[in-house]
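The following block contains the structure, expressed as structure tokens.
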Amino acid sequence: MAQLVAEEKAKFVQKVDFRTGNEMAAQAAKQINFHLMGYYPITPSTEVAEFLDEMRAAGEHEISMVPADGEHSAAGICYGATSGGGRVFNCTASQGLLYSLEQLPVQSASRFPMLLQLVNRSVSGPLDIRCDHSDLYYALTTGWIILLAREPQAVYDMNIMAVRIGEHPTVRLPVIVAYDGFFTSHQKRRVQYFENDEAVVDFLGRPPEFPHALDPRHPITFGAYMNDPDLINTKYQLKLAMDAAREVIPQVFEEYARISGRRYSFLDLYKMDDAEVAIFLLNSAAETAKDMADRLRQQGQRVGVVSLDVLRPFPVEEVRQALKGTKALVIGERGDSYGAQGGPLSHEVKAALQEDAENRTLCLTRVYGLGGKDFYAEDAEEFFNLALKAAETGQVETRFAYHGVTPGDPQKPPMQVLPPLTKEETSPGLVQVTRNEETGELKVKPIARWQLAARAKRITPGHGACPGCGILPALNLFFKGIEGDVVIVNHTGCAEIVTSGYPFSNHRVTYIHNLFQNGAATLSGLVEMFQERQRRGDLPAGEDITFVMISGDGGMDIGIGAVLGAAIRNHKMIILEYDNQGYMNTGSQLSYSTPLGHMTTTSHVGPAQAGKAFHHRDTPQIMSACHIPYVFTGTEAFPDDLVKKAAKAQWYAKNEGLVYGKVLIACPLNWRSEDRIGTKILETAVNCRFFPLYEVEQGITKLTHDPDRARHHVDVRDWLGLMGKTRHLLQPQYAPQLEALEAEIERRWQRLKAMHEHPQL
Ligand SMILES: Cc1ncc(C[n+]2csc(CCOP(=O)(O)OP(=O)(O)O)c2C)c(N)n1
Ligand code: SF4
């Protein structure tokens with residue numbers, strides 16, 4: 001390897017630091033200075049976008065950060081951006097990868113390079129935010145190069161090299177850099193990175209000139225429809241690109257080793273020179289196994305560890321060479337290919353060995369560590385012992401098994417933590433709704449507050465919400481306006497996480513969680529099944545259930561498609577959105593309901609950025625445009641109003657079709673407000689007209705509280721001054737954002753007032 005000359009040494013000088021994998025991914029992205037990042041938050045990958053947003057607010061890079069409405073869109077944004085010829089970055093995990101999966105083969109077949117961080121996390125169901133490789137395994141057949149990073153240092157290095165590899169003229173492929181959620185993404189390690197961004201820019205060079213979609217003088221049709229034999233030829237070219245990557249990757253690794261002093265290769269081999277037995281593990285677990293290999297070596301055992309730096313293209317020849325003298329091998333898989341007696345790694349390793357007629361390695365597979373189950377040195381020891389025994393006896397008792405599991409007792413019924421609500425509790429006859437047959441108007445008999453207070457709650461205390469959280473009070477209040485049985489479907493979000501942690505549940509009614517974007521579709525199916533089974537007579541006659549889908553405002557971003565579908569089909573159900581103006585469960589990222597200028601972890605405030613850059617979505621108006629029977633807004637600060645609307649919602653959902661309601665709730669943790677003033681903030685949000693209370697009943701809009709008339713009108717500043725996330729807007733330098741927000745609030749209010757006054761609008 002050629003030495004660095006003095007001038008180069010100055011350029012490629014490195015800083016020693018103590019950082020996490022996500023920090024290093026963000027550091028690399030900042031230094032690469034991608035043209036664009038399209039992203040959507042999902043734990044444990046979200047921090048990468050958060051760090052980059054913070055750096056952008058500080059003016060440290062110029063990456064255009066595009067917050068998508070879901071990962072499918074994020075991948076689409078990235079695809080579109082790469083068709084424009086620039087450098088593009090994305091970051092996701094688990095469900096996020098699966099939700100964007102269909103875009104991945106399009107990206108690779110179009111030969112648009114880009115970089116995707118995959119922070120490995122278990123795939124639902126059930127939902128689990130911790131690490132395994134079940135998400136990674138879904139990416140194996142997408143035509144992307146896959147580089148693996150066992151440690152934060154490798155995250156940084158692989159990211160930089162990935163750009164060079166993917167952009168190489170003979171390759172032109174998108175690249176995934178995958179590392180373990182929490183183990184690598186969140187744990188700090190000693191790292192080094194180039195002190196000068198210039199070093200990275202210099203190593204990468206300018207993005208190569210490929211044909212792109214922003215050159216009107218050279219129009220190109222990208223993604224032409226193809227038949228046989230063109231498609232197979234296109235895929236063959238993809239295979240050739242992977243073959244080319246096989247050649248390019250070692251060259252780039254070599255060049256990078258020259259400037260950084262850190263050398264990578266297809267395989268990471270630890271003490272494999274004379275190893276008789278080995279274990280094969282991907283990512284962070286391999287590091288744990290190395291410690292155990294050292295200990296066993298001290299006892300005279302010839303053991304080694306094999307791991308991969310490159311998973312695609314799969315290093316067949318290198319694996320074959322590495323395992324030539326290995327008598328027995330345990331392949332640990334943090335994922336399964338159910339029914340295949342081993343995950344993809346096992347089958348690919350075995351296939352590589354099978355072509356070597358002389359290879360006699362006995363291969364065992366153990367599935368371990370799913371859902372973030374720790375892999376300790378003792379687990380590695382067990383794997384080594386299995387391999388040692390096989391090597392000694394020449395026999396394998398069980399080739400494929402799960403490690404560290406218990407089968408459970410199928411005879412044991414699930415624990416009933418809470419008694420179900422009785423008929424008397426669900427139907428006390430408090431809520432009475434009558435309809436004027438002539439005018440069609442609904443009347444709700446007023447209910448005394450003490451009667452409401454005495455009603456049993458459908459969601460019990462003992463949940464895990466933060467002090468002062470508005471979700472549960474608002475939901476319980478809403479449910480007090482509903483008689484009879486209720487079935488809930490809940491999107492992913494705080495309401496779900498804080499009430500349904502296994503093996504407990506705070507729900508005294510039937511509760512279903514489905515993936516973040518699909519609650520409305522799920523509930524549509526259930527409602528239809530209910531009606532169909534009733535029609536066929538295979539449910540008890542007279543059973544009457546109100547179906548409610550609960551979503552946060554974030555769920556209404558990613559799930560809006562399913563919501564609109566359900567609304568247009570007009571299923572008899574309620575969609576209840578609690579709006580806390582952000583993705584709170586994942587750490588307060590912006591949602592499309594976050595108002596302009598508000599500060600979140602993806603809309604930082606700093607010299608180069610002033611909080612969220614676009615206005616909040618007007619979801620009630622979107623839903624109203626679907627011409628569903630009933631739309632309302634409400635808040636716990638106006639309890640009688642909310643209960644009345646709940647009663648109407650139930651009537652419409654039973655008799656007419658879909659109901660949508662948006663309930664503003666307080667999130668003291670992320671609004672940076674005092675726990676005890678949540679209701680006051682909500683009241684002020686209503687009275688400054690930011691959050692008007694109204695309903696759209698059979699197409700007719702009616703304000704249910706008019707701050708002007710009630711002489712309650714307050715200034716928008718009064719509302720903003722109550723929350724730490726908005727106080728900056730009162731400073732003179734943020735006057736443009738404040739004025740724009742005030743103008744938008746006023747415009748929407750005047751429009752609503754006009755609708756209230758003119759029933760035809
Ligand atoms: C497909 C997919 N993408 C992203 C996520 C990560 N995720 C889980 S909850 C959540 C935010 C939820 O926000 P919201 O609906 O507003 O509810 P809140 O957390 O504020 O209660 C996100 C982004 C996921 N679970 N699935
Ligand atoms: S983060 Fe906010 S919304 Fe979530 S539980 Fe805490 S207070 Fe409630």
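Give the residues of the stretch 383-412 that are open to solvent by less than 100 Å² (accessible area, probe 1.4 Å), of a type outside the set (V, I, T) and assigned to a loop (DSSP other than H, G, I, E, B), sorted by residue number.
G394, H403, G404, G408, D409
May I pose another question? Give the residue that is nearest to ligand 1 (Cβ to nearest atom), with candidates limited to residues of the stretch 91-135 that are in a helix (DSSP H, G or I) and open to solvent by less than 20 Å² (accessible area, probe 1.4 Å).
This residue is G96.
Being out of contact with any strand residue (DSSP E or B) (no Cβ under 8 Å at 6 or more places or on another chain), away from ligand 1 (no atom under 16 Å from the Cβ) and either in a helix (DSSP H, G or I) or modelled with pLDDT of 95 or more (or both): is that true of F614 here?
Here the answer is yes, as F614 does meet what is asked.
If I filter the stretch 723-753 down to residues being aliphatic (A, V, I, L, M) and open to solvent by less than 30 Å² (accessible area, probe 1.4 Å), which single residue comes out as farthest from M584 (Cα to Cα)?
Here the answer is L752.
Let me ask you something else. Considering only the stretch 61-83, state which residues are open to solvent by less than 20 Å² (accessible area, probe 1.4 Å) and in a loop (DSSP other than H, G, I, E, B).
Of everything in the stretch 61-83, those that are open to solvent by less than 20 Å² (accessible area, probe 1.4 Å) and in a loop (DSSP other than H, G, I, E, B) turn out to be H61, I63, A68, G70.
Could you tell me which residue of the stretch 158-182 is surrounded by the fewest Cβ atoms within 10 Å (Cβ to Cβ), considering only residues that are assigned to a loop (DSSP other than H, G, I, E, B) and touching a strand residue (DSSP E or B) at 6+ places or on another chain (Cβ under 9 Å)?
F182
While we're looking at this one, here's another question. What is the number of the single condition among (1) more than 16 Å from ligand 2 (Cβ to nearest atom); (2) in a strand (DSSP E or B); (3) hydroxyl-bearing (S, T, Y) that S505 does not meet?
All conditions pass for S505, except number (2).
Which members of the stretch 654-672 meet the condition of being open to solvent by less than 20 Å² (accessible area, probe 1.4 Å) and within 16 Å of ligand 1 (Cβ to nearest atom)?
Within the stretch 654-672, Y660, G661, K662, V663, L664, I665, A666, C667, P668, W671 qualify.
Do we have L430 as surrounded by 14 or more Cβ atoms within 10 Å (Cβ to Cβ), touching a residue at least 24 places away in the same chain (Cβ under 8 Å) and in a loop (DSSP other than H, G, I, E, B) here?
The answer is yes for L430.
Could I ask something else about it? For the stretch 442-454, give me the residue count where each residue is over 29 Å from N585 (Cα atoms) and either of a type in the set (D, E) or out of contact with any strand residue (DSSP E or B) (no Cβ under 7 Å at 6 or more places or on another chain) (or both).
9
Let me ask something additional. Out of the stretch 498-518, which residues are among the polar types (S, T, N, Q) and either within 14 Å of ligand 1 (Cβ to nearest atom) or loosely packed, with under 15 Cβ neighbours inside 10 Å (or both)?
Within the stretch 498-518, T499, S500, T510, N514, Q517, N518 qualify.
Restricting attention to the stretch 525-546, and to residues there that are more than 34 Å from the chain's Cα centre (by Cα), more than 18 Å from E483 (Cα to Cα) and of a type in the set (D, E), which single residue is least open to solvent (accessible area, probe 1.4 Å)?
Top of the filtered list is E532.
Here are some residues: V277, V303, V310. Which one is open to solvent by less than 40 Å² (accessible area, probe 1.4 Å) and within 18 Å of A154 (Cβ to Cβ)?
V310
Name the single residue, out of those in the stretch 194-214 being touching a residue at least 60 places away in the same chain (Cβ under 8 Å) and of a type in the set (D, E, K, R), that is nearest to A26 (Cα to Cα).
D197
Could you list, in sequence order, the residues of the stretch 136-157 that are out of contact with any strand residue (DSSP E or B) (no Cβ under 8 Å at 6 or more places or on another chain), assigned to a loop (DSSP other than H, G, I, E, B) and in contact (Cβ under 8 Å) with a residue 40 or more places away in the chain?
T142, G143, listed by residue number.
Would you pick out the residues in the stretch 380-410 that are touching a residue at least 24 places away in the same chain (Cβ under 8 Å) and within 17 Å of D336 (Cβ to Cβ)?
Matches in the stretch 380-410: F383, T398, R399, F400, A401, Y402, H403, G404.
Name, by its number, the condition in (1) within 16 Å of ligand 2 (Cβ to nearest atom); (2) open to solvent by 10 Å² or more (accessible area, probe 1.4 Å); (3) not in a loop (DSSP other than H, G, I, E, B) that does not hold for A521.
Condition not satisfied by A521: (1).
Condition check ((1) modelled with pLDDT of 95 or more; (2) closer than 29 Å to Y40 by Cα) across all residues:
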site	(1), (2)
C469	yes, yes
L475	yes, yes
F478	yes, no
E483	yes, no
I488	yes, yes
H491	no, yes
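Quick one: which strands (runs of 3 or more DSSP E) lie wholly within the stretch 293-377 and hold at least 3 residues that are under 24 Å from R263 (Cα atoms) and either of a type outside the set (A, V, I, L, M) or modelled with pLDDT of 95 or more (or both)?
Because the criterion is at least 3 residues that are under 24 Å from R263 (Cα atoms) and either of a type outside the set (A, V, I, L, M) or modelled with pLDDT of 95 or more (or both), the strands (runs of 3 or more DSSP E) in the stretch 293-377 that meet it are 303-308, 310-312.
Report, by residue number, each residue of the stretch 454-477 that is of a type outside the set (V, I, T), within 16 Å of ligand 2 (Cβ to nearest atom) and open to solvent by less than 20 Å² (accessible area, probe 1.4 Å).
Result: G470, L472, A474, L475, N476.
Count, please, the residues in the stretch 483-495 that happen to be within 16 Å of ligand 2 (Cβ to nearest atom) and either open to solvent by 10 Å² or more (accessible area, probe 1.4 Å) or over 28 Å from P428 (Cα atoms) (or both).
Number satisfying all stated conditions: 4.
Mind listing whichever residues of the stretch 442-453 are open to solvent by 80 Å² or more (accessible area, probe 1.4 Å) and free of Cβ contacts under 8 Å to residues at least 24 places away in the same chain?
Matches in the stretch 442-453: K443, K445, W450.
Could you please give the count of residues in the stretch 279-301 that are farther than 21 Å from L136 by Cβ and touching a Leu at 6+ places or on another chain (Cβ under 9 Å)?
2
The values are calculated or read from the model by the stated rules, or taken from the named source; none is laboratory data. Remember, predicted model here, so these are calculated numbers, not experimental data. Using ideal geometry, Cβ is built from the backbone for each residue, glycine included, and neighbour counts are taken over all protein chains shown. Remember, those area values only see protein heavy atoms, side chains included, never the ligands or the DNA or RNA. Shrake-Rupley method; radii C 1.70, N 1.55, O 1.52, S 1.80 Å.
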